[in-house]
Structures are given as C-alpha cells and as structure tokens.
1. Here are some residues: A:Ala166, A:Ala172. Which one is away from chain B (no Cβ under 14 Å) and within 29 Å of the chain's Cα centre (by Cα)?
2. Just name the residue that is nearest to the other protein chains (Cβ to nearest Cβ) out of those in region A:376-399 that are more than 20 Å from A:Lys422 (Cα to Cα) and assigned to a helix (DSSP H, G or I).
3. Residues to consider are A:Tyr273, A:Tyr255; find the one that is in contact with a His (Cβ under 7 Å, 6 or more places away or on another chain), in a helix (DSSP H, G or I) and either more than 14 Å from chain B (Cβ to nearest Cβ) or surrounded by fewer than 21 Cβ atoms within 10 Å (Cβ to Cβ) (or both).
4. Could you count how many residues in region B:125-174 are farther than 17 Å from B:Tyr286 by Cβ, touching a residue at least 40 places away in the same chain (Cβ under 8 Å) and assigned to a helix (DSSP H, G or I)?
5. What is the one condition in (1) more than 14 Å from every other protein chain (Cβ to nearest Cβ); (2) farther than 15 Å from B:Ala184 by Cα; (3) in contact (Cβ under 8 Å) with a residue 60 or more places away in the chain that B:Ala297 does not satisfy?
6. Based on what the data block shows, is B:Leu57 touching a helix residue (DSSP H, G or I) at 6+ places or on another chain (Cβ under 6 Å) and of a type outside the set (Phe, Trp, Tyr)?
7. Consider A:Val209 against the criteria (1) more than 14 Å from chain B (Cβ to nearest Cβ); (2) over 23 Å from the mean Cα position of the chain (by Cα): it satisfies all of them except one. Which criterion is unmet?
8. Could you list all residues from region A:400-444 that are closer than 27 Å to A:Tyr273 by Cα, in a helix (DSSP H, G or I) and not hydrophobic (A, V, I, L, M, F, W, C)?
Amino acid sequence: MSRHVELDEDRAVTAEQITDSMRRRLGDGLLDSRPAGPTRLYLTVDPAKIVDAADELFNGLGARFVISAGTDERENRGGFRVSHFFSFDDEDLYVALHALVPEDDPRIDSITPIIPGANWAEREIQDLLGVTAEGHPDPRRLVLPDDWPADVYPLRCDFDTRDRPASAEGMAPPMKNRPEGAVMVPVGPYFPTQHEPEAFAVFVEGEVVVDSDYRGFYNHRGIEKLGCADLTYNQIPFIAERICGICGFVHSCAYCMAVENAAGIEVPRRAQYIRTIFLELERLHSHLLWTGVAAHIIGFDTLFMQTWRMREPVMWLCEQLTGNRKTYGMNIVGGVRRDLPADAHEKIEKVIADVEREWSALTDAVPGDRTLIARLEDVGTLTPDQVRQTCCLGPTARGSGVAIDLRIDHPYAAYGELEMEKCVEDGCDTLARTLVRLAETPVAIDIIRQCLAKMPDGEIQATIDEEIPPGLEGIGAVEAPRGESFHWVLTGENNRPKRWRVRAPSYQNLQAIGPMIHGDVLADVPIDIGSIDPCYSCTDRMTVIDRRSGQMRVMTREEILDRR
Amino acid sequence: MSLTDYTQTIGFAFANMLLVLLLAPLLEGVIRKLRAVIQSRQGPPIVQPYLDLLKLLAKEDLRVTASPVITWGPPVFLAAILVAAGVMPLGGETAAVGAGDIVVFIGLLALANLSLAAMGFASGSAFSALGASREMMLMLTTEPVLFISLLALGLQGETLTFAGLLDAPYGIATLIAAIAYLLALQMYVAKVPFDITEAETELMGGPLSELSGPRLALTQWGIFAKQFIYSSLFVQLFLPWTLQYIPSIAVAALVNIAAVLVVDVVVVGIVMSVNPRLRLDQAVRYGMTLVGVAAIALIWAAIL
C-alpha cells in the first residue's frame with residue numbers, strides 16, 4: 001500500500017494555506033496557529049485530534065515527518081506537551097504540532113499507524129516522559145535501560161539529574177520472537193564493523209535475512225535532560241558538539257540556530273560564513289572517513305587506508321584553525337567564538353586542493369571497479385516510498401532519489417548566498433548511497449572555496465543585551481553529513497532552555513535498516529548497515545542464543561564471569 | 001624400489017615438510033609488507049608472522065568446548081597440509097620419487113579443509129558455524145578446479161604421480177590448465193577477495209574466531225603452509241620449464257622458493273590489495289567458471 005503523495009506544482013503550500021486546511025479538517029480542534037516568520041509555523045491542536053492533524057500534514061499536504069518531543073509543563077500549564085514536527089522541504093517551512101495532554105491522564109493517540117517513521121519518536125516520549133502512545137503498533141521499551149523501574153520517568157521535572165534508580169539483575173530487552181525455521185545471528189553489541197555498541201538481531205534462513213530487530217540507546221547520556229535542567233544557553237553548545245564523535249559541529253550549530261531562531265538574534269554574516277566553512281570541512285572529513293569504513297567492511301583495506309591518509313590533513317587543518325581536530329568549540333549563541341587566523345585562507349586552500357586532486361583520482365576509479373560494484377549494487381534496497389514512510393534523511397534518502405538537502409531546501413548559515421546543487425542518485429541501493437557521498441565531497445570543497453572568496457569582514461558575534469524571555473520556541477536544522485540534524489528549543493527561566501530536543505539523522509535512518517536488509521544475504525548486512533553511515537549512542541551487555549532452543553537471552557555480568 | 005630409494009623418498013618428504021613449515025610464515029610476512037606499501041603504511045617487519053606464531057604458541061591453551069574436534073582439529077589441519085607438502089615436488093622430480101600422487105595430495109588438502117570446517121561447526125558460535133558452511137561451499141568449487149586441472153596434466157603424461165607429471169609434455173592443455181589454476185590460486189589460498197570463510201568484518205574470523213593460543217597458532221601456521229604449497233605447485237607443474245634440469249636439488253629448491261615468492265607477491269599480494277571481498281554466491285559463480293576452464297583443458301588433453 002503506497003501512501004506516497006506527489007505534490008503538484010500549483011499545490012505548493014504556504015503557512016496560511018496550511019492553517020486553512022487544518023481548520024477545515026479539525027474545526028474547533030485547531031486551538032492556535034502562530035507563524036513565526038515565513039519559515040516556521042507553530043500549531044496547537046486538541047490532543048484528541050492529533051492523529052487527524054498529523055494525517056492532514058503528512059498524507060494530505062505531503063509534509064515530511066521530522067521528530068516528536070515531549071515536555072513536562074505540569075508546573076505552568078498543568079500537563080505534558082506532546083509535539084510532532086513536520087517539514088515542507090519544497091517550501092522552506094517547518095511546522096510544529098503541539099498538544100497539551102492532561103497530567104492526570106497522560107495518554108495520546110499514536111500517529112505511528114499513519115506515519116511509520118514516528119515509531120521511535122513516540123516510544124521515546126513514552127519511556128522518558130510517561131505519556132502513553134495509545135494504539136502504537138510496537139510499544140516496547142526503546143531508550144531506557146532494561147532494569148530501569150517502570151514508573152520512573154527521567155525527563156519529568158521532578159526527576160533530578162543526580163537521581164540514580166537502583167539497578168536490577170536478570171532483565172532482558174524485549175526482542176522480537178525468532179521466526180519459525182530461522183536462525184538468529186547477533187550483529188552487535190560488539191561487532192568489528194560497528195564502531196559503536198548497538199545490537200541487531202538478524203534472523204536468517206540459510207544466509208538470507210528474513211527479519212531483524214534492533215536494540216540501541218545503551219549509552220544514552222541524557223544530554224537533553226542536562227540541557228533542560230543544569231546548563232545555561234551558552235554552555236549547551238559545548239555539550240551539543242559532543243553528541244557525535246564525527247559530525248559534532250552540526251549539533252552545536254543547529255542548537256545555536258534554534259536559540260537564535262527563538263530569540264530573533266541576527267547572526268553577523270562573517271560568523272555565518274565561518275560556520276559554513278566548518279560545516280563543510282566536517283562533511284569533507286566525515287565522507288572520507290565513511291568511504292574508508294565502508295571499504296573496510298567489504299574487505300577493501302587499501303581504499304580504507306588511502307582515504308584515511310587523505311583525511312588526516314583535514315583534521316590537522318581544523319586543529320590549526322580551532323585548536324582541536326574534531327570538537328571545535330567554535331559555536332555560541334549569536335555567532336562564533338574565534339575568528340579565522342590571518343593565514344587561514346592559504347592553509348585551507350592548500351589542504352582542500354590536495355584532497356580534491358586525490359579524490360578525483362579515486363572517484364574516477366570506482367565506476368570501473370567491477371568487484372566493488374558487484375558488492376554494492378542491488379543490495380540494501382530502499383525504495384522512495386520506504387524513504388518517505390520511515391522519514392529517512394541525507395545520503396540515505398538522496399540515494400533513493402528523494403532530494404532532501406537542507407542546504408538548499410532550508411538555507412541556513414551562508415548557504416543562501418552560495419551556489420550548489422543537490423547530489424541525487426536513483427539506484428535505491430548501497431551503490432547509490434555510495435555515489436551520493438562520492439559526489440558530495442567535491443561539492444563540499446567547492447562550497448569552502450566560495451566561502452573563502454566571498455568572506456565578508458565584520459563582527460563574529462551578535463550583541464545580546466537582554467536575557468532571552470521564557471516561552472519562545474525555535475527550530476534549527478543543519479544538513480549533517482548523514483542527513484538532517486534537527487534541534488528544537490523552548491526557552492525557559494534563568495537563562496536556560498525549558499526543553500531542548502535533538503534529533504540526529506541516524507535516528508530516522510536506523511529505522512530503515514529493517515526494510516533495507518530484508519531479503520539480502522548475511523554477507524551484505526554489515527555494508528547495508530554501514531551504508532547509512534550510522535551513528536549510535538549505545539551498550540555494555542551481550543546477546544547469546546541457545547542453539548538448542550533458539551531462545552535469545554541477555555547474559556549478566558556474573559554469568560559471563562562464571563561461564564568458564 | 002630399493003631400500004635406498006625409500007630412505008631417500010622419506011628423507012625428501014621430511015625435508016619438504018620442514019622447508020614448508022619454516023618458510024611459509026616468511027611468505028606471509030613478505031605479502032603483508034607489500035600490502036603495507038600499497039596502502040601507504042610502514043607495515044610490520046617481515047618476520048612478524050614468526051613472532052605472532054611464537055607468541056600464540058606460548059599462550060595458555062584455552063578451548064571453547066571439550067569437543068575432540070577442537071582438541072584434534074588444529075593438529076590434524078596442520079599435519080594434513082604438511083603431509084601434502086611431503087608428497088609434492090618442491091625441488092624438481094627427485095623429491096617425489098614413488099610416493100607423490102595427485103589423488104593422495106588432493107585427499108590430504110580436502111582433509112585439511114574439512115577439519116577447518118569441523119572446528120567451525122564444533123565451536124558453538126553462530127559466526128564460526130557460518131564460516132564453516134561457507135568453507136564447505138567454497139571447497140565444492142575449488143577442489144574440482146584443482147583436481148581437473150591436475151588431471152588434465154595427468155592425461156598428457158598418462159600418469160597420476162607427481163614424478164610423471166613433471167615429465168609430461170607441455171601442451172596447449174597444460175597452458176589452459178595453468179590459466180585455470182592461476183585464476184583459482186586466490187581461492188585456494190583464501191585471501192581477499194576470497195577470504196569469505198574468515199571474513200573478519202562479517203564473521204569475525206569464522207572458524208578461527210573461537211580458537212586461541214597454541215591451537216590458533218597451529219591453524220594459522222597451516223593456513224600459511226597451504227598458501228606456500230599451492231603457489232609451489234604452480235611453479236613446479238604449470239610453468240613451461242621444469243626444475244628437474246637443475247642438477248642440484250638444493251639449488252632447485254631455492255629457485256622454487258624464489259619463484260613462489262614472485263608468484264605470491266605478484267599475484268596473491270596485489271590481487272588482495274586491490275579488491276574488496278566477494279559474496280559467497282559471487283565466489284561460487286567465479287569458481288564454477290574456473291571449473292569450466294579446467295574442464296576445457298581436460299577435454300583438450302583427452303582428445304589430442
């Protein structure tokens with residue numbers, strides 16, 4: 001059944017049209033509609049009408065589902081706020097759908113039956129805030145540890161960041177049952193090609209994958225909780241940058257943009273250009289890293305070693321420019337902390353020229369490498385409809401012909417003043433996703449050159465005189481190397497956000513692994529998973545199967561130690 | 001055959017085994033060094049495989065299960081390969097007088113492969129078992145290529161002994177068989193793109209993943225030795241010259257070693273550096289094509 005909606009040219013929507021169409025569909029159910037500039041629209045609806053509202057946006061108007069967020073507003077509004085975010089990528093418009101759920105009956109209808117990509121988002125609210133998603137097709141625990149007490153919700157305001165619930169023994173993640181006749185192969189929590197802990201249970205018949213399940217979030221660090229409770233506006237960028245070990249700059253950038261969006265702070269142009277340069281340097285080293293990792297996964301270690309050798313000067317360059325290889329610490333609300341050094345232009349130009357030369361030799365060789373093509377072609381298939389249903393992003397979407405690229409769709413930083421084209425492939429397979437990343441690397445170099453050529457003079461920070469008032473909301477979204485990195489900030493008292501919501505692109509892309517590996521052979525699973533360039537935040541346990549009964553269980557530390 | 005002949009044969013067989021045992025890790029070291037150079041790395045010293053084996057041999061002997069397959073698998077694996085080295089010619093004809101026979105040789109290599117697969121099945125890990133079943137699938141395609149290409153030579157010389165094969169005339173059939181053998185060499189030695197059984201990034205080492213210490217050392221030594229004898233066999237039988245014209249066996253053996261190094265470095269080392277790993281089905285399809293090529297050599301030899 002296809003729910004894919006093709007938008008006609010003349011149906012391009014504006015904020016007013018969305019409000020009109022929501023009013024027609026919901027009647028009195030639409031409680032408030034508040035545009036904030038031309039690119040943001042905040043709607044408040046009756047929680048009983050949330051499914052209708054989401055259906056109208058997703059299926060009626062063709063919006064893309066972004067993420068959900070839950071906020072504890074019992075103190076000031078007497079309930080929990082559940083928010084679903086949508087994007088109209090062709091119109092540069094983000095729409096938020098807010099509903100207030102009463103404190104004494106924390107339940108809301110699930111939108112996952114109509115938007116499969118909301119699966120994790122709703123389970124996360126259920127886990128962390130205790131607002132049940134009624135009618136969710138798969139309401140298993142997602143984020144919290146297996147031994148976390150059932151009635152403790154860490155994102156509620158009365159849960160202190162220093163609270164530590166007692167741990168318990170013998171708890172196991174509620175995994176799917178093994179299909180009849182299949183064998184379970186664990187990919188993770190520790191697996192040579194997954195450089196962070198994660199656990200895929202892959203069910204195979206022979207070597208063919210018939211089903212799979214995922215358990216992650218093992219090393220969930222509660223960063224959002226810290227950001228809403230303990231940290232001030234300008235402390236958060238530094239922890240935001242540590243969300244990802246590769247593309248951290250996108251997170252500090254998106255967070256700052258969200259606060260700037262909420263408070264109406266105008267960032268100086270020079271700061272916008274500096275942000276753009278680092279965003280693209282990050283994309284450059286991230287794609288080089290991915291190419292190496294992907295090559296290693298399929299046993300092509302020569303390509304692995306060569307791309308990482310090419311990548312290293314980019315890291316050194318960033319260290320010279322910011323003081324750090326990776327976690328630059330450049331972003332603050334209102335601009336950047338440091339200007340580029342005087343000789344930055346020459347240094348950057350030299351490094352990117354070297355990468356460009358070697359990279360073009362490499363990309364010229366790929367189409368002729370038949371063994372490489374044989375491993376990548378027609379595996380990990382993800383149709384455009386599956387992309388829409390699971391709300392995939394970045395190269396994962398663009399490899400299936402779904403041309404979402406925030407740098408053009410929702411221009412931010414200096415991208416509105418630069419020339420670039422989206423890199424899109426329609427192969428819908430691992431090869432297509434590879435080709436997208438290969439093509440994007442020279443584009444990143446080109447953008448850096450444009451920034452250097454157009455770099456304006458002037459201030460690098462906006463002057464912020466007054467404290468940011470509470471009750472404002474803002475959205476910041478950045479096209480990370482892996483897709484859209486989305487941040488939502490609701491301002492609060494005491495120079496702190498009331499709620500800071502982060503959605504990294506892998507959050508959506510990981511949900512597409514199931515359909516992607518289905519029907520492939522086991523040998524393709526590592527490269528299929530690798531093809532979305534996953535970022536996990538996960539584990540310290542292990543899964544074993546009892547071969548006689550086929551039962552899966554989790555071993556405790558004691559069992560592991562006693563085993564021999 | 002006189003008693004002296006037997007003594008000499010046994011002596012040569014032991015010399016062969018010792019030679020293979022001692023030199024196989026060197027071959028691996030040279031290949032690793034070459035790979036490092038291609039990958040812009042400094043790479044480990046050439047003697048590193050020896051050091052690895054020594055270190056593993058000195059470690060505590062831990063076994064995943066008490067199964068006799070894990071206990072006896074590694075020594076049987078290494079022994080089968082070494083005996084195969086004993087019956088094959090390494091320095092021209094005389095090393096194999098009377099004893100060398102391609103049926104025995106292929107049987108010993110099959111025994112080695114089977115014991116590796118058995119270790120995989122016995123170790124109780126899903127990854128080892130998958131590696132073992134892959135090993136079996138690959139064996140079903142590599143063994144026929146080996147057997148048919150050797151048989152084509154046998155038909156030309158009307159013999160199945162190595163001594164006879166060395167004397168066989170070099171014809172078109174030999175050339176075709178040589179091509180089949182050379183194209184299959186990477187499969188025989190199970191290196192990228194055919195390291196499908198071990199597939200570190202998929203199966204975490206396959207049948208090897210549950211072995212440790214001395215048992216892992218013996219198995220790895222066997223894998224190095226296998227690489228040496230497959231390359232050696234190519235030099236001995238399929239090149240259009242023969243080492244038996246070299247009067248001194250010692251010199252012939254040295255020439256053989258040098259040629260093995262060249263074949264391995266040029267073919268195995270470079271192929272493994274410039275390719276990704278194939279999937280099992282792709283490898284089997286490739287292997288079946290080579291069975292076809294070898295069959296052409298056999299038919300050619302039978303008709304002419």
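The values are calculated or read from the model by the stated rules, or taken from the named source; none is laboratory data. Keep in mind that this is a model prediction, so the values were computed, not measured. Note: ideal-geometry Cβ built from the backbone for every residue, glycine included; neighbour counts use all protein chains shown.
1. A:Ala172
2. Checked region A:376-399; the qualifying residue nearest to the other protein chains (Cβ to nearest Cβ) is A:Leu376.
3. The conditions single out A:Tyr255.
4. Result for region B:125-174: 21.
5. Here B:Ala297 meets the rest and fails (2).
6. yes
7. Among (1) more than 14 Å from chain B (Cβ to nearest Cβ); (2) over 23 Å from the mean Cα position of the chain (by Cα), A:Val209 violates only (1).
8. A:Arg407, A:Asp409, A:Tyr415, A:Gly416, A:Glu417, A:Arg437, A:Glu440, A:Thr441, A:Pro442
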